[in-house]
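Here the structure is laid out as structure tokens; the discussion comes afterwards.
The values are calculated or read from the model by the stated rules, or taken from the named source; none is laboratory data. Because the structure is a prediction, the values reported are computed rather than measured. Quick reminder, even Gly has a Cβ in these numbers, built from the backbone with ideal geometry, and neighbours come from all protein chains shown. Surface areas here come from the heavy atoms of the whole protein model, side chains and all, with no ligands, DNA or RNA. Shrake-Rupley method; radii C 1.70, N 1.55, O 1.52, S 1.80 Å.
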Amino acid sequence: MTALRLNAVEVGAGPPVVLLHGLLGAAQNWGTIQTALAPDHRVITLDLRNHGASPHAAEMDHGSMAADVAQTLQALGVPRAAVVGHSMGGKVAMMLALTAPALVERLVVADIAPVPYPPNLRAIVAALQALPVTPGLTRRAADALLAATIPEAGMRAFLLQNLRFDATPAWRIGLAEIAAAMPAIEDFAAPAAVFEGPVLFLAGARSDYIRPEHEAAIAALFPTARHAVVPNAGHWVHAENPGGFLDALEPFLGQAP
């Protein structure tokens, strides 16, 4: 396993906070949260491998992605940070805390649990692969082609951020690598470890990604875990209700270890 140096977007100064996006996302998805935290924190938002402006690689298990984060923080001179991850990024954050606990001062996991999930997102990945990415493709045409499979306009807009529209349209993301790695992304192969630092799990009130039956798995790996619910939000908690997300996040970041 070769760890990659990830693309990082930095703002602010103060205690470091690392933000990790979800599947088919990018650092830019955290813009509102990054701006809000910047007055009091050095906010480091990363593109995970095969996403955004970061390098591509075949392996996409959470251990490999956590190793990328560790290497990138070392390169940036960050010995220890609060780590916040959403969805797939939450799994990467959990894996980082379990495999390199000295790097993680505290952990925030947004709307995901340390368990395997069903293959519900593979149809979206397949729809992206089926797009005819050829010269002349416009955003409007791509949106229309995706509409049959992905009826939510907001989701299509989010996904099409990953496609560069110019004379030679192309995916910014490693779409083939992501498609091949979906079984590993859906899984969570927890190591034989426990993270004893402060942990906060944030669930969207309208989401079912964190369920009562997940509590035992969470407690086994993160015995100090606390739970909070972000109102008026589904799975995309930080985008759907950024104010509510920050109301839960900021006090936790300011608490003594």
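Data table
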{"read-out": "Local net charge near His62, Cβ-Cβ under 13 Å (Lys/Arg +1, Asp/Glu -1)", "value": "-3"}
{"read-out": "Relative contact order of the chain, defined on C-alpha pairs under 8 angstrom at six or more residues apart (%)", "value": "20 percent"}
{"read-out": "Other-chain or far-sequence residues with amide H under 5 Å of Gly204's (modelled H)", "value": "Asp111, Val230"}
{"read-out": "Most fluctuating residue given options Thr168, Thr99, Thr72, as computed from a GNM of the chain linking Cα atoms under 10 Å", "value": "Thr168"}
{"read-out": "Filtered GluC sites (Glu not before Pro), the stretch 131-189: DSSP coil and at most 16 other beta carbons within 10 Å", "value": "Glu152"}
{"read-out": "For the stretch 161-171, Karplus couplings with θ = phi - 60° (6.51, -1.76, 1.60), whole Hz, Gly/Pro x", "value": "4, 7, 10, 8, 9, 8, 4, 10, x, 7, 6"}
{"read-out": "The stretch 112-199, relative contact order in percent, only Cα pairs under 8 angstrom and at least six apart counted", "value": "38 percent"}
{"read-out": "1.4 Å probe accessible area per residue over the chain, in Å²", "value": "42 Å²"}
{"read-out": "Whole-angstrom gap from the stretch 172-215 to the stretch 25-81, using each part's C-alpha centre", "value": "16 Å"}
{"read-out": "Accessible surface of the chain, 1.4 Å probe, proportion on carbon and sulfur as whole %", "value": "57 percent"}
